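Data block below; observations after.
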Amino acid sequence: MKEKGRTIMIGLDGVPYRLLNDLAQKGVMPNVRRIIADGFFRPLASTIPEVSSVAWSSIITGKNPGEHGIFGFTDIPPHTYRLSFPNFNSLKAEPFWHGNEGRAVIMNVPSTFPAKEMNGVHISGFVSLDLMRSVYPQSLLPQLKAMNYQIDVDSAKAHKSMQLFLKNLEQTLEARINVYQYLWEREKWQTFMLVFTGTDRLMHFLWDAYEDESHRYHADFVKHFCRIDDEIGMMLSQLKPNDSFLLMSDHGFERLDKNVYVNAVLRQAGFLCIPGDSDSNFGQLNEKTCAFSLDPARIYIHKKDKYPRGRIKKNEIEKLIQEIAAVFQSLEIDGKPVCKRIYRKEEIYSGPYSADAPDLVLIGNEGINFHSSLKATTVHDRGIFTGKHTHYDAFLLVKDWAGTDTFCHNLDVGQILDIVNYLKVGKVNIHEKEYA
């Protein structure tokens, strides 16, 4: 058995395999390049849908959404039309640090608000409502405030000035680095997990700046990743011989061409009946509604006995699912299909909470981003974002990989803990899955 070392897990939210490899090979991220040369570097499939709340919940539990109960950033509980926002208290499976031996530092992992008592330090990440409830132990709060710690980037600034946004992005990153360095040196930890989420915000607004080297903000884009690489280098310099070091992302990214509004399509096709004004909300769904969608593209059948005004009986569900799927399969914009794949719940979820899962989930084609706003009056448009999430090109990078290739292919983010287990004890039990 391998002598026990420490485990360091670093997340780069949303960073795709191909971007990380590109920046490493170009010398922007030389420390990452060093790890790639000697380590295990593979693309990962994300969760479905490919959003941070679902993906990071799968990473920290090793479970699929049907087992941990998180299907998106929003939900509508049965027998209501109340839009709820699942948080860490909603997670039905234990995060790995609650069962691990040794002290842990868990910092900025999305969807872990509110912070809970644990053996170590927990600073929750996006979406956290306030710093007070984002920190355990509370005795750390004065230190975080003194270091100007920010939970997340103020993305609203990008809608006013990209320069203001980039300045706030840099300030947020520097405060996060200062706090992690403080905890790295101060705490006696066995596991250290840190997620950089500014990467996701940067790529949403400035993916075009990555692709176009003549772009006004290309240097700013590169600078952000260069700064993170500097810190990766610092961590590498302080590793002990038996320490395990992993880099990972929760989903991929690519260019965004069009936003497609799922509820607008459902309304246009006669499946959704709701006022189209700016005050529209799910409480206004009427008895004529057959289906509705929650972000980003989770479609729920308006079932009788599940929702107060639900009309669809059990024997009508299959036919309706086929009809809805046919609408989206045939939907094109500028001659291009909007859907790469349409999943039924039975194809992607398993476990005790699968009954709460969406009936259909849409995966967008290249350049297509789905939204489920009830306020949209058009089927598609083009917003301020230039980048969008993807399902197929998250990544895992492990330093000094000594394993075999028997489980190196068709991995998904829910299997990261299996890899961690391999690194700790020299054996692994990869759970069987199918991949699209």
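Every number here is computed from the coordinates shown, using simple stated rules; none is lab data. None of the values given here were measured: they were computed from a predicted structure. Neighbour counts are summed over all protein chains in view; Cβ atoms, including those assigned to glycine, are modelled from backbone coordinates with ideal geometry.
This model, with +1 at the C-beta of Lys and Arg and -1 at the C-beta of Asp and Glu, gives the chain a dipole about its Cα centre of some 700 debye. Comparing 292, 7, 59 along the charge dipole axis of the chain, the residue lying farthest to the positive side is 292, per the Cβ-charge model. Show log10 I(q)/I(0) for the range 297-409 at q = 0.10, 0.19, 0.20 Å⁻¹, two decimals, from a solvent-free Debye sum over equal Cα scatterers. Listed by q, the Debye log ratios stand at -0.45, -1.16, -1.23. Taking the charge dipole of the chain about its Cα centre, with +1 at Lys and Arg Cβ atoms and -1 at Asp and Glu Cβ atoms, the residue from 203, 280, 378 reaching farthest to the positive side is 280. What the Cα convex hull of the range 228-306 gives, in volume per residue, is 203 Å³. Partners of residue 288 within straight-line reach, counting lysines whose Cα lies under 23 Å from its Cα and excluding those fewer than 8 residues away in the same chain: 303, 304, 306, 313, 314, 319, 375. Extents of the chain, largest first, come to 63, 49, 45 Å (Cα atoms, principal axes, whole angstrom). For the chain, complete DSSP H runs whose alpha carbons reach 15 Å or more along their own long axis and whose mean Kyte-Doolittle score is -1.0 or higher are 162-186, 198-211, 218-237, 317-330. Whole-Hz Karplus values for the range 151-160 come out as 5, 8, 5, 7, 5, 4, 4, 5, 6, 9 Hz, taken residue by residue from phi with 6.51 cos²θ - 1.76 cosθ + 1.60 and θ = phi - 60°; glycine and proline positions read x.
Computed over the chain with a Gaussian network model linking Cα atoms closer than 10 Å, the most mobile of 296, 78, 110 is 78. With the simple model of a label 7 Å out from the Cα in the direction of the Cβ, residue 418 to residue 323 spans 4.0 nm. Ordered by the number of other Cβ atoms lying within 10 Å of each residue's own Cβ, fewest first, 244, 128 fall into the sequence 244, 128.
In the chain, Cα pairs under 8 Å separated by at least six residues give a relative contact order of 29 percent.
Excluding same-chain neighbours fewer than eight residues apart, the lysines reachable from residue 116 by a Cα-Cα span under 28 Å are 4, 63, 92, 145, 188, 424. Listed from fewest to most Cβ neighbours within 10 Å, the set 224, 98, 371 follows the order 98, 371, 224. Summing Lys and Arg as +1 and Asp and Glu as -1 over all other residues whose Cβ lies under 12 Å from the Cβ of residue 313 gives a net charge of +3. In this rough spin-label picture, where each label sits 7 Å from Cα along the Cβ direction, the residue 284-residue 156 distance is 2.4 nm. Comparing 342, 147, 79 along the charge dipole axis of the chain, the residue lying farthest to the positive side is 79, per the Cβ-charge model. Take every DSSP beta bridge whose two residues both sit in the chain; close to 55 percent of them are antiparallel. Give, as ranges by residue number, the residues of the range 287-320 whose backbone N falls under 14 Å from the point 7 Å along Cα→Cβ of residue 269. It comes to 290-294, 297-302, 318-320, nothing else. Net charge dipole, the range 258-384: roughly 240 debye, given to the nearest 20, about the Cα centre with Cβ charges of +1 for Lys and Arg and -1 for Asp and Glu.
In terms of other Cβ atoms within 10 Å, 157, 399, 240, 304 run from fewest to most in the order 240, 304, 157, 399. Could you compute the FRET efficiency for residue 147 and residue 117, with r as their C-beta to C-beta distance and R0 at 25 Å, rounded to 0.05? Once rounded, the FRET efficiency stands at 0.65. Straightening the chain between residue 174 and residue 98 buys 24.5 nm, computed as 0.36 nm per residue apart minus the Cα-Cα spacing.
Taking the Cβ of residue 137 as the centre, find all other residues whose Cβ is under 13 Å away and add up their charges (Lys, Arg: +1; Asp, Glu: -1). The answer is +2. Normalised by 2.2 N^0.38 Å, where N is the number of residues, the alpha-carbon radius of gyration of the range 1-116 equals 1.29.
Once both labels are positioned 7 Å from their Cα atoms along Cα-to-Cβ, the gap between residue 239 and residue 226 label points is 2.4 nm.
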